[in-house]
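What follows is one structure encoded as structure tokens, with my remarks underneath.
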Amino acid sequence: MPADLIDGAAVAKKIRQAVTLRVDALLVRDIRPGLTVILVGEDPASAVYVRSKEKSCIEAGMRGETIRMPASTSETELLARVDQLNHDPRVHGILVQMPLPKQIDAQKVIRRIKPEKDVDGFHPVNVGKTLIGDADAFAPCTPAGVQVLLREYGVQTSGRDVVIIGRSNIVGKPMASLLMQSGETADATVTVCHSRTANLAWHTKRADILIAAAGRPELVTGDMVKAGAVVIDVGMHRVADPSTKSGTRLLGDVHFPSVSLVASKITPVPGGVGPMTIAMLLQNTVRAAELYG
Ligand code: GUN
């Protein structure tokens, strides 16, 4: 039997509606939650994500602003911009879109953002808080969104084997942090696989919950998945496809046609994890305004 679809777009809509109510409550107190995104350079995929973040903020009644800087921007110039935003009381959340041009040290920029405005959850203070299970943390949006999807679809995580493919600071590592905690939608036994893992399929076949965040199109095929597993696809790759009107199509890290025949539940691409990332970003920003506004 084909897997049930995990509808990230529907869950994200619910979260955005709840965020809008929280925004309304803040507006009564004369606080308009504000997110400022900095986009350096002209990477087309980043430009699409950033537009969508700004639009979602405005739809939720928040202040959404994008600062566009040229690809030639120096590290010093970018740090100066971050400093300005750190001191701007209208700005509750700061997000510097990754990747950054190679002359800029991304870690240095992330460390410059005030942890209280780090709605991406990338600052070492928030990374550390997420790891120790501190409720104060801003958890990174994509893994936090995956955890919400698991909860909303009643996927039991306690005592289950979760295998994560990918060890990035944005997804893989914080995903492991969240699911290994004690508590709701956690308590899992987590394995993190990566590009140097010997015999990837041996690990993935043991997974009750398989989370693919490797950044490789259709890496996970049906033969690598245990029957009945829950499969979460964090990948997003635009590939050429002359058979479509746009000439391109989106693929995940999971080969959907084969894996959906084996899994019990699966996220589609698009419409799975992607919409959750933005919803969680809005949620983190409204929370920043509530806590520090
Ligand atoms: N690039 C890809 N995903 C993200 C994200 O979640 N935050 C930022 N800042 N950059 C990204």
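Any idea which of G274, A186, T204 is furthest toward the positive side of the dipole for the stretch 138-293, if Lys and Arg beta-carbons carry +1 and Asp and Glu beta-carbons -1?
T204
So for the pair I58, S246, with labels modelled 7 Å out along Cα→Cβ, what separation do we get in nm?
Placing both labels 7 Å beyond Cα along the Cβ direction yields 2.0 nm.
Can you give the Kirkwood hydrodynamic radius of the stretch 160-201 from its Cα pairs, in Å with one decimal?
One decimal place: 10.6 Å for the Kirkwood radius.
Apply the Karplus parameterisation 6.51 cos²θ - 1.76 cosθ + 1.60, with θ equal to phi minus 60°, to every residue of the stretch 122-128 and state each ³J(HN,Hα) to the nearest whole Hz, in sequence, with x for glycine and proline.
Coupling constants for the stretch 122-128: 9, 5, x, 5, 6, 4, x Hz.
Find the percent of Cα-Cα distances in the stretch 71-186 that exceed 24 Å, and round it to a whole number.
33
What number comes out for accessible area per residue over the stretch 1-94 if the probe is 1.4 Å? Units Å², please.
53
Accessible area per residue of the stretch 173-276 at 1.4 Å probe, in Å²?
That works out to 46 Å² per residue.
Where the convex hull is taken over the Cα atoms of the stretch 39-83, what is its projected area averaged over directions, in nm²?
Mean projected area of the Cα convex hull: 3.3 nm².
For the chain, modelled as a GNM with alpha-carbon contacts under 10 angstrom, which of T36, T191, T76 fluctuates the most?
T76
Quick check: convex hull over the Cα atoms of the stretch 1-121, volume per residue in Å³, rounded to an integer?
Dividing the Cα hull volume of the stretch 1-121 by its residue count gives 129 Å³.
Of S260, V40, M62, which is farthest towards the positive pole of the chain's charge dipole, taken about the Cα centre with +1 and -1 on the beta-carbons of Lys, Arg and Asp, Glu respectively?
Checked the options; the winner is V40.
Among A279, A12, A45, whose mean-square fluctuation peaks in a Gaussian network model of the chain (Cα, cutoff 10 Å)?
For the chain, modelled as a Gaussian network with Cα springs under 10 Å, the answer is A45.
Among the listed pairs K129/K205; K108/K173; K117/K265; K14/K265; K53/K102, which have their C-alpha atoms separated by more than 26 angstrom in this model?
Cα-Cα > 26 Å for K129/K205; K117/K265; rest within.
Taking square-rooted eigenvalues a ≥ b ≥ c of the alpha carbon gyration tensor, is the stretch 134-291 rounded, prolate or oblate, where a/c under 1.5 means rounded and, failing that, a/b exceeding b/c means prolate?
oblate
Given the DSSP H assignment, sum -39500 (n - 2.57) over each helix run of at least 4 residues in the chain and divide by its residue total; what's the result at 222 nm in deg cm²/dmol, nearest 500?
Rounded to the nearest 500, it is -12000 deg cm²/dmol.
Mind putting a number on the dipole of the stretch 39-99 about its Cα centre? Charges go on the C-beta only, +1 for Lys and Arg and -1 for Asp and Glu, and I need it in Debye to the nearest 20.
240
Would you mind finding the longest exposed-site-free stretch of the chain, with exposed GluC sites (Glu not before Pro) meaning DSSP loop and at most 13 other Cβ atoms within 10 Å?
43-183
Which percent of the accessible heavy-atom area of the stretch 172-227 goes to carbon and sulfur, probe 1.4 angstrom?
49
Could you give the length gained by full extension between A9 and N169, i.e. 0.36 nm per residue of separation minus their alpha carbon distance, to one decimal place?
In short, 55.2 nm is gained.
How fast does the chain diffuse by Stokes-Einstein, in µm²/s, taking the Kirkwood radius from C-alpha pairs at 25 °C and 0.890 mPa s?
Translational diffusion coefficient: 125 µm²/s.
Anyone know which of A176, A263, A135 comes out most mobile in the 10 Å Cα GNM of the chain?
Comparing A176, A263, A135 in the GNM, the peak value goes to A135.
Please list, by residue number, every one of the trypsin sites (Lys or Arg not before Pro) in the stretch 193-293 that is coil in DSSP and has at most 12 other beta-carbon atoms within 10 Å.
Passing sites in the stretch 193-293 are R196, K245.
Mind pulling up the Rg/Rh value for the stretch 1-71? Radius of gyration and Kirkwood radius, both on Cα.
1.12
The values are calculated or read from the model by the stated rules, or taken from the named source; none is laboratory data. It should be emphasised that the depicted structure is a prediction, and the values quoted were computed from it without experimental measurement. As a convention, Cβ positions derive from the backbone with ideal geometry for all residues, glycine included, and neighbour counts pool all protein chains shown. What goes into the accessible areas is simple: the full protein's heavy atoms, side chains included, and nothing from ligands, DNA or RNA. Shrake-Rupley method; radii C 1.70, N 1.55, O 1.52, S 1.80 Å.
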